[in-house]
Amino acid sequence: MTEDEAAAAVRQWGERAPDAVLLDGFHALKHALRFGADVPLAVTSDKEAALALAEALADDLTGTLAERLVEIPAKALRELVPRIHPTGVVALAVRPERRANLDALSRAPREAPVVVLDNPRNLGNVGAVIRLAAGFGATGVVTTGDMDPWHPNAVRAGAGLHYATAVERLPLTELPPGPLYALDPEGDDIRSLTLPDDALIAFGSERHGISPELRERATRLVALPMRPQVSSYNLATSVAMALFHWGGPGPDRD
């Protein structure tokens, strides 16, 4: 890679970064590429090391990364991002069209639930839930409230798997269609029922739980099994338990 090519990549970064999704690290870039993200620019301070990592962990992408990764000086990389990922890889991707995500979320019949996060307060938790939803094959993740689920901190925690499922922020009044199952300690034991494929499965924050507005809209309140005197589970743990229950045998499943 010549100095001119490296300088051109740095200039392009400055032009594209304000409107792009930041993919922080090799694994975020790997997942985004695997799930069809448009990645116009990917840079690293050590291309040889990045390609060795690809050969070890993502050999299906080694050729693609060999073509796309631009090596730039470590000093230049430090000026592009506030914190360099340990893998020394960072990229910019195009955010999916909102209309396409909304269509995916509202399409009927759905073959997998939509996870709803009611006014989440921690971007790391949001990213962890998106990573879980992608792994379970959920239709998507919808957040309510003022927190952007595409914030760089959420994308980092989600390891780029925002591109493997539909992720959008919506007002509570505009949730996708489907029966709304809200997790609440006063609800019916989740083990006693089957979550339908077209369900919206809603989770509140660890501190405050679901909002009164969501509770009022809920088709059914459901509870996770929990030992007495334990106040709550981590949000991502709760989502994992509910999605595992959805995907496994239930009282009405064969």
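Just a few scattered comments:
- FRET efficiency for Asp4 and Ser231, using Cβ-Cβ distance with R0 set to 45 Å, rounded to 0.05: 0.15
- Residues listed by number, the range 1-34, amide nitrogen under 13 Å from Glu48 label point at 7 Å toward C-beta: 1
- The modelled label-to-label distance for the pair Arg121/Glu55, using points 7 Å beyond Cα in the direction of Cβ, is 4.9 nm.
- Panel note: the C-alpha atoms of the range 94-176, placed on their principal axes, show extents of 32, 26, 23 Å (largest first).
- Inter-probe distance in nm under a simple model that places probes 7 Å from Cα toward Cβ, at Asp19 and Glu111: 3.4 nm
- Modelled label positions at Asp197 and Ala100, each set 7 Å beyond Cα in the direction of Cβ, lie 2.3 nm from each other.
- Only alpha carbons enter this Debye calculation for the range 193-249, each as an equal point scatterer, and the log10 of I(q)/I(0) it gives at q = 0.13, 0.30 Å⁻¹ is -0.35, -1.44.
- Helix 47-57 vs. the chain, principal-axis angle (Cα, 0 to 90°, nearest 10): 40 degrees
- Antiparallel DSSP beta bridges within the chain, percent to nearest 5: 30 percent
- Label zone at Arg34 (point 7 Å along Cα-to-Cβ), backbone N below 19 Å, the range 49-79: 50-69
- Residues of the chain: accessible area per residue with a 1.4 Å probe, Å²: 50 Å²
- Rounded to the nearest 20 debye, the dipole magnitude of the chain is 440 debye, with +1 charges on Lys and Arg beta carbons, -1 on Asp and Glu beta carbons, and the Cα centre as origin.
- Counting only DSSP beta bridges with both residues in the range 1-118, the antiparallel share comes to about 75 percent.
- Of the residues Met147, Met226, the one with the largest accessible area comes first in the ranking Met226, Met147, computed with a 1.4 Å probe on protein heavy atoms.
- Three-way shape call for the range 91-231 based on the alpha-carbon gyration tensor, with the a/c threshold at 1.5: prolate
- Cα radius of gyration and Dmax for the chain (Å): 20.1, 64
- Carbon plus sulfur fraction of accessible area for the chain, probe 1.4 Å, in percent: 49 percent
- The range 61-117 shape via C-alpha gyration tensor axes, a/c threshold 1.5: prolate
The values are calculated or read from the model by the stated rules, or taken from the named source; none is laboratory data. Note that the structure is predicted; figures quoted are calculated from it, not measured. Ideal geometry is used to build each Cβ from the backbone, glycine not excepted, and the neighbour counts take in all protein chains shown. The protein model used for the area step is the full one, side chains on, heavy atoms only, and it has no ligands, DNA or RNA in it. Shrake-Rupley method; radii C 1.70, N 1.55, O 1.52, S 1.80 Å.
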